[in-house]
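One structure below.
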Amino acid sequence: MTVLKMTWRPQYRSSKFRHVFGKPATKESCFDGVPITRSVQDNHFCAVNPRFLAVITECAGGGAFLVLSIHHTGKVDPHHPKVSGHRGNVLDIKWNPFNDYCIASCSEDTTVKVWEIPPHGVFKNLTVPWKELQGHSRRVGLIEWHPTANNVLFSTAYDYQVMIWNLDCPDQVIKNPVRTISHHTDVVLSMSFNTDGSLLATTCKDKRIRLMEPRTGNLLQDANCKTHKAHKVLILGNLKMLLTTGSSRWNARQMALWDQENLSVPLLQEDVDGVSGLLFPFYDPDTSMLYIAGKGDGNIRYYEITQEKPFVHYLTEYRSLMPQKGMGVMPKRGLDVSSCEVFRFYKLVTIKSLIEPLSMIVPRRSESYQEDIYPMTAGNKPAMSADEWLSGINKDPVLMSLKPGSRVEESYPELSMGKGLGSSLDTRRSQSRPGLLQLSYIQDQLGIKSDKEDSSHTESEDNRSWTLVSNGQDPALCSPPKTENELRMKFHKQQEEIRRLRELLNQRDVRIKQLELEIKNIRNSQPQSSL
């Protein structure tokens with residue numbers, strides 16, 4: 001007699017991100033009354049970091065963009081100061097990944113400008129940039145920062161050139177890029193780097209996908225798919241795959257997956273829908289999740305990427321009645337890990353002059369830190385300098401943990417820029433602020449603290465005081481402040497440290513309550529077990 005064993009296999013694929021859902025912010029947590037640009041450029045028009053939100057605005061007499069504090073939600077003052085140093089419309093903006101107070105912008109006036117944002121925000125129109133890059137002959141449509149090297153910026157314009165800039169140059173106006181890439185025969189539509197920045201992928205209006213070495217400009221792959229017109233391209237981390245979004249032969253919105261070693265034939269082609277409008281792809285290498293947002297509609301589809309067939313696994317879709325014109329993405333170090341947030345968008349809703357934060361959340365019952373959905377991620381510390389990268393060195397990004405209390409220190413303008421025009425302007429701006437009336441009291445407190453540090457002679461006490469005052473920064477920066485600007489920066493730094501300590505205390509309280517409940521349950525179960 002033979003016994004047949006029946007095996008049951010689920011019809012769906014098991015995934016911890018299957019039930020990820022989108023949670024839009026409340027009206028009080030949105031940015032209302034923002035004059036969003038009416039430009040038809042296919043860019044995001046928005047850039048976000050853990051401190052500031054920047055958005056390109058509609059204005060007359062040149063180009064400008066707003067820089068708002070990430071916590072300054074609600075109604076935006078229509079007369080809020082702007083960054084308005086361009087003579088033409090601003091087409092793209094990007095924050096420096098290693099400095100939360102440095103942002104680059106490109107414009108129709110053929111220039112790229114890098115701005116130094118004051119730590120307390122913009123309280124007066126900024127018209128003088130930290131650096132001005134002059135090299136393109138036509139309007140500059142796209143800029144990207146190098147993912148691991150400090151102060152390396154890429155720009156591409158309607159002159160079909162991709163230029164590489166080294167911002168460590170002492171000149172305020174830089175007219176000569178360190179390298180110019182001239183492989184394209186039409187306008188470059190998008191650029192994407194791999195994890196260590198050793199590869200650059202581009203899509204062009206000539207319907208070709210190019211993969212090249214950005215440092216040397218050598219062309220590695222050149223592909224042209226007749227059935228897929230690519231608009232946007234992403235290198236999917238270290239998966240050795242490329243993803244493009246575009247349109248099919250019949251003008252249906254489509255995405256395609258490519259092997260990085262062979263771009264002759266796509267690994268996968270999938271029609272998304274038949275709606276007109278661009279598709280913006282966003283990839284999270286930590287969770288291997290792909291988000292595709294449609295320009296002009298309110299839908300955001302998300303998928304999970306694997307290295308085995310069928311490669312792309314559809315999860316679900318977020319739907320909204322408010323169409324988005326562009327999207328900003330918060331870096332991973334700015335997410336709320338206590339609510340299991342794995343991604344955050346900032347939707348530009350032009351019809352309502354609204355910027356709406358949208359959080360992608362993994363539903364979990366426990367309120368403790370979930371290590372399985374927050375692996376080590378790229379932080380805000382550069383892996384190398386610009387000169388090291390230009391000399392031929394490749395390094396992986398410096399990783400950080402998102403666990404509360406173990407974050408990488410915040411970056412400040414002095415670390416990469418030095419003191420220039422921005423510092424003197426900030427000092428003049430701060431003199432009219434009523435919030436700085438108690439600076440003398442704060443200075444006295446800092447003087448008391450520095451006296452305590454001088455009285456400590458042991459090495460362990462020095463290390464403890466360095467950790468508390470500098471928050472992980474260079475000990476040379478821990479000397480008592482000499483100027484009002486330095487004093488203000490130390491004050492803001494201490495406020496941020498106090499906020500983090502309060503979060504840690506709240507988490508400890510929650511953990512203590514959980515342990516007390518567990519002890520109570522064990523005590524209640526002991527008499528029953530003895531019986």
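What the table below lists for this structure:
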{"item": "Summed residue charge, Cβ within 10 Å of T244's Cβ, Lys/Arg positive, Asp/Glu negative", "result": "+2"}
{"item": "Sorted peptide list for 139-151, 336-348, criterion being average Cβ within 10 angstrom, highest first", "result": "139-151, 336-348"}
{"item": "Per-residue HN-Hα couplings for the range 90-98 [Karplus 6.51, -1.76, 1.60; θ = phi - 60°; Hz; x = Gly/Pro]", "result": "6, 10, 7, 9, 8, 6, 5, x, 10"}
{"item": "Anisotropy class of the range 112-200 from Cα gyration tensor, a/c 1.5 cut", "result": "prolate"}
{"item": "Shape of the range 337-394, Cα gyration tensor, a/c cut at 1.5", "result": "oblate"}
{"item": "Contour excess over end-to-end distance, with Cα ends at D396 and N506 and 0.36 nm allotted per residue", "result": "36.1 nm"}
{"item": "Accessible area of the range 21-361 divided out per residue, in Å², using a probe of 1.4 angstrom", "result": "37"}
{"item": "Spin-label model distance (nm) - E497 vs E261, 7 Å beyond Cα toward Cβ", "result": "5.1"}
{"item": "Using θ = phi - 60° and Karplus 6.51 cos²θ - 1.76 cosθ + 1.60, couplings along the range 492-499 (whole Hz; Gly, Pro as x)", "result": "5, 5, 5, 4, 5, 5, 4, 5"}
{"item": "Listed pairs K347/K403; K27/K513; K232/K325 exceeding 22 Å between Cα atoms", "result": "K347/K403; K27/K513"}
{"item": "Percent accessible area from carbon and sulfur atoms, the range 21-361, protein chains only, probe 1.4 Å", "result": "48"}
{"item": "Convex hull volume per residue in cubic angstrom - Cα atoms of the range 21-361", "result": "127"}
{"item": "Cut-off under 5 Å, modelled amide H: who pairs with M384 long-range", "result": "N150"}
{"item": "Sorted peptide list for 378-390, 95-107, criterion being average Cβ within 10 angstrom, highest first", "result": "95-107, 378-390"}
{"item": "Cα gyration tensor category, rounded, prolate or oblate, for the range 262-354 with a/c compared to 1.5", "result": "oblate"}
{"item": "Residue-span extension gain [T483 to N238] - 0.36 nm each, minus C-alpha spacing", "result": "83.6 nm"}
{"item": "D297 long-range amide H proximity, modeled H, under 5 Å", "result": "Q324"}
{"item": "Simple label model, 7 Å out from Cα along Cβ direction - S353 to R138, nm", "result": "3.4"}
{"item": "Note, ³J(HN,Hα) from phi for the range 364-376, Karplus 6.51, -1.76, 1.60, rounded to Hz, x at Gly and Pro", "result": "9, 6, 6, 9, 7, 5, 9, 5, 6, 9, 10, x, 4"}
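The values are calculated or read from the model by the stated rules, or taken from the named source; none is laboratory data. This one's a predicted model, so the numbers in the text were calculated from it and none came from an experiment. For neighbour counting, all protein chains shown are included, and Cβ atoms are generated from backbone atoms with ideal geometry for every residue, glycine included. We work out accessible area using only protein heavy atoms, side chains counted, and drop any ligands, DNA or RNA first. Shrake-Rupley method; radii C 1.70, N 1.55, O 1.52, S 1.80 Å.
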